[in-house]
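Report on the structure given below.
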Amino acid sequence: MVTIDDIAKIAGVSKSTVSRFLNGGSISEVTRRKIESVIADTGYSPNKFAQSLKAKKTNIIGTIVPRLDSFATSQTLIGIDDQLRDLNCQMVISNSSQDLSREIENIHNLAKQKVAGIILLAAEITADHIEAFKKVEIPVILVGQQHDQFHSVIHDDFEAAYELGGYILERGHRKIAYLGVTEKDIAVGAKRKKGFKKAVEARNDCNVHYFETSFKIDDAVKKVPGIIEECNPSIIVCATDNIALGVLKAAYSMGLRVPEDLSITGFGGYDITGITYPGITTAKFFYKEAGQLAARNIIQLVQGEELNKITLSTFKIIERESVDKKIY
């Protein structure tokens, strides 16, 4: 691997001169051409991360994710990375493993690395988050959640849930169970539930029960027998596709036919929901595109440009085989 020392020796200049050249400093035109020639001949590529630690302004964007084993996270990161590359920027990823204290720590660590901005794939925004962002004074974009003090790229959770609720009603379902997550998660836990509630409350002949689980498939599996026993719904509406996969597994283990005995819907549009049989009807969110939006937005903030507080990502209801038509 060619180093700055190698470039300096071959060009017959000092290491500090090469460093000044790489960081856009002032050197003579003759020296500049000499160094450029050596770099072209050797194929030297500077360590942009190391350069950024010395520079006043970097081209590195820190991205904090709550978990790495998530379809939504991976697709969002692909979108962010693709767009940042097009904008001649780089991404550094910090994983919090759904630990809020670790998430706050990641904010401070990225600031020490002198990133130009931070994209946070947030599950919730706490007072500690607000305090940390105020201390580091770095441009921030939230993805998936919104807060009045920060810029956000959000999925249209409320409208997606409202539209999915209307679809379920059109299919004739009136005995409904909704399996959500904690409302501390404003987007997935609160907004999806609120949008669904608005849809079903437009009718007075629905019997709806609301339940809560975690984001884990196994926890959803354990929840289903109690739901069936308590209200025997014709459909379980799940706040995420992972929860829907858990419900599908539990239904088969209980000897229930999907969708004849139990219909199922999800949210997310994960690839796997189109592979299972039956395929799961879901509200598809475009995570990659949301990542691209977040990348473009954070660069605008870094450059001091005006930006709307909220950028809305689109959705689409994907109709598959997991929802039966009911006639009472």
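Rule-based calculations on the coordinates, nothing more; no lab input. Treat the numbers as computed from the prediction; the structure is a model and nothing was measured. Note: ideal-geometry Cβ built from the backbone for every residue, glycine included; neighbour counts use all protein chains shown.
General observations
- Region 158-190: trypsin sites (Lys or Arg not before Pro) falling in loop per DSSP and having at most 13 other Cβ within 10 Å: 184
- Among [x] 33, 24, 17; [y] 50, 19, 16; [z] 62, 21, 18, the entry derived from the coordinates for semi-axes √(5λ) of the Cα gyration tensor in Å: [y]
- Of all DSSP-defined beta bridges confined to the chain, some 10% are antiparallel rather than parallel.
- Top positive-direction residue, dipole computed over the chain with Cβ charges, set 247, 259, 140: 140
- Computed [θ] at 222 nm, deg cm²/dmol, the chain (DSSP H ≥ 4; -39,500 (n - 2.57); rounded to nearest 500): -13500 deg cm²/dmol
- In terms of its C-alpha gyration tensor, region 138-225 comes out oblate, because a/c is 1.5 or above while a/b does not outweigh b/c.
- Exposure proxy ranking, count of Cβ atoms within 10 Å, fewest first, for 218, 69: 69, 218
- Placing +1 on the Cβ of every Lys and Arg and -1 on the Cβ of every Asp and Glu, with nothing else charged, gives region 157-284 a dipole about its Cα centre of roughly 140 debye.
- In terms of overall dimensions, the C-alpha atoms belonging to region 4-46 reach 23, 16, 16 Å along their principal axes, ordered largest to smallest.
- Average projection, convex hull of the Cα set of region 222-328: 8.8 square nanometres.
- Look at the alpha carbon pairs under 8 Å that are at least 6 residues apart: their mean separation over the length of region 157-284 gives a relative contact order of 25 percent.
- Computed on the chain, with alpha-carbon pairs under 8 angstrom and 6+ residues apart, the relative contact order is 17 percent.
- Gyration tensor (alpha-carbon) shape descriptor, region 157-284, a/c threshold 1.5: rounded
- Charge-dipole axis of the chain as Lys and Arg at +1 and Asp and Glu at -1 on Cβ define it, positive-most pick from 35, 100, 151: 35
- Residue order, fewest to most beta carbons within 10 Å, for 44, 252, 162: 252, 44, 162
- Exposed loop sites are taken as GluC sites (Glu not before Pro) in a DSSP loop (any state but H, G, I, E or B) with at most 10 other beta carbon atoms within 10 Å; the longest stretch of the chain without one runs 1-136.
- Given charges at beta-carbon only (K, R positive; D, E negative), |dipole| of the chain in Debye: 720
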